[in-house]
Amino acid sequence: MNITIGHLYPDLLNLYGDRGNIMCLMKRCEWRGIKAETRRFCLGDKIDFRELDIVLLGGGSDREQMIVCNKLKEIQQDFKDYVEDHGVVIAVCGGYQLLGNYYQTEDGIIEGLKLVDLYTEQKEGRLIDNVVLKSDLVDMPVVGFENHGGRTYIGENKPFGKVLYGKGNDGESGYEGVVYKNVIGTYLHGPLLPKNPQIADYLILKALERKYKRPMELKALPDEEEKQANDYIYHRFVTEKK
């Protein structure tokens, strides 16, 4: 078995250590004997989504987001077709905002890729905190760190998780991120996947099942240290705060 991971514009969308997410996916595949390859795409590169099994969109500044979005608009329909065909996408922070219809900033509107029906508006003050979620996708709590000025509104879409600690999408709804088909959009970084091995495995499993068109199970890995770290964060910010 093999999968190909597409890392889109790591030279621009690189604020939050997203390379750590790639390294995590690669290692968890390697430990299971799954051949994994990462392809980096910069602005001048051609992207064929038919060759990709997982796509990572990382975080960047508003200026960098605009540059990336303008480039991706050239292949927006190809990206949309990939998403609608249950292509696996993990989009973090600025990448999450790019999934939507638009991002309203104080300097104007950044038009989004319209891959998921959501929108973002810049508001006064930044939402900066550790975050703990209860997600329907996994058994373990989902943990990470957020730092964003935008407030994202996901409408009737399914959230990534319910906020147990932190601010989440908008600081008011009590929810964080979005799940649409096999797309996960989230403000959580740190990076996200090394802190949450079950989310990494969820992405890998969905990619394999889509590619090989059959249900699969992943070989269990000895994640005791990852689970201890996750449990520490959960108890520090949830249990001890009660």
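The values are calculated or read from the model by the stated rules, or taken from the named source; none is laboratory data. As the structure is a computational prediction, the values presented were derived from the model and not from experiment. Heads up, the Cβs are rebuilt from the backbone with ideal geometry, glycines too, and the neighbour counts pull from every protein chain shown. For accessibility, only protein heavy atoms count, side chains too; no ligands or nucleic acids. Shrake-Rupley method; radii C 1.70, N 1.55, O 1.52, S 1.80 Å.
Being outside any loop (DSSP other than H, G, I, E, B), in contact (Cβ under 8 Å) with a residue 60 or more places away in the chain and within 15 Å of the chain's Cα centre (by Cα) is the filter here; which residues of region 24-56 pass it?
Cys24, Leu25, Ile54
Search region 186-201 for residues that are free of Cβ contacts under 8 Å to residues at least 60 places away in the same chain and pair each with any residue that is assigned to a loop (DSSP other than H, G, I, E, B) and crowded, with 24+ Cβ neighbours inside 10 Å when their beta-carbon atoms are under 8 Å apart and the residues are at least 6 apart or on different chains.
none
Ile90 fails exactly one of the following numbered conditions: (1) in a strand (DSSP E or B); (2) open to solvent by 10 Å² or more (accessible area, probe 1.4 Å). What is the number of that condition?
Just one mismatch for Ile90, condition (2).
For region 202-242, give me each residue that is of a type in the set (Gly, Ala, Ser) and in contact (Cβ under 8 Å) with a residue 40 or more places away in the chain.
Hit for region 202-242 is Ala207, nothing else.
What tally of residues in region 82-141 results from selecting those that are free of Cβ contacts under 8 Å to residues at least 24 places away in the same chain and of a type in the set (S, T, N, Q)?
2
Condition (residue is surrounded by fewer than 24 Cβ atoms within 10 Å (Cβ to Cβ) and under 24 Å from Asn196 (Cβ atoms)) applied to region 67-81: is it met by at least one residue?
Scanning region 67-81, I find no residue that is surrounded by fewer than 24 Cβ atoms within 10 Å (Cβ to Cβ) and under 24 Å from Asn196 (Cβ atoms), so the answer is no.
When region 36-76 is examined, which residues are found to be in contact with a Phe, Trp or Tyr (Cβ under 9 Å, 6 or more places away or on another chain), among the aliphatic types (A, V, I, L, M) and within 19 Å of Met23 (Cβ to Cβ)?
Matches in region 36-76: Leu52, Val55, Leu57.
Being open to solvent by less than 10 Å² (accessible area, probe 1.4 Å) and of a type in the set (Val, Ile, Thr) narrows it down to one residue among Val183, Val179; which is it? Please lay out each step first, then the result.
Working: Val179 fails: open to solvent by less than 10 Å² (accessible area, probe 1.4 Å).
Sole residue among the options that is open to solvent by less than 10 Å² (accessible area, probe 1.4 Å) and of a type in the set (Val, Ile, Thr): Val183.
Quick check on region 189-209: of everything there that is under 12 Å from Asn2 (Cα atoms) and open to solvent by 30 Å² or more (accessible area, probe 1.4 Å), which residue is farthest from the chain's Cα centre (by Cα)?
Selected residue: Glu209.
Quick check on region 6-23: of everything there that is open to solvent by 10 Å² or more (accessible area, probe 1.4 Å) and assigned to a helix (DSSP H, G or I), which residue is farthest from Ile199 (Cα to Cα)?
Only one residue tops the list, namely Arg19.
Does Glu64 satisfy being at pLDDT below 95 and either part of a loop (DSSP other than H, G, I, E, B) or open to solvent by 10 Å² or more (accessible area, probe 1.4 Å) (or both)?
The answer is yes for Glu64.
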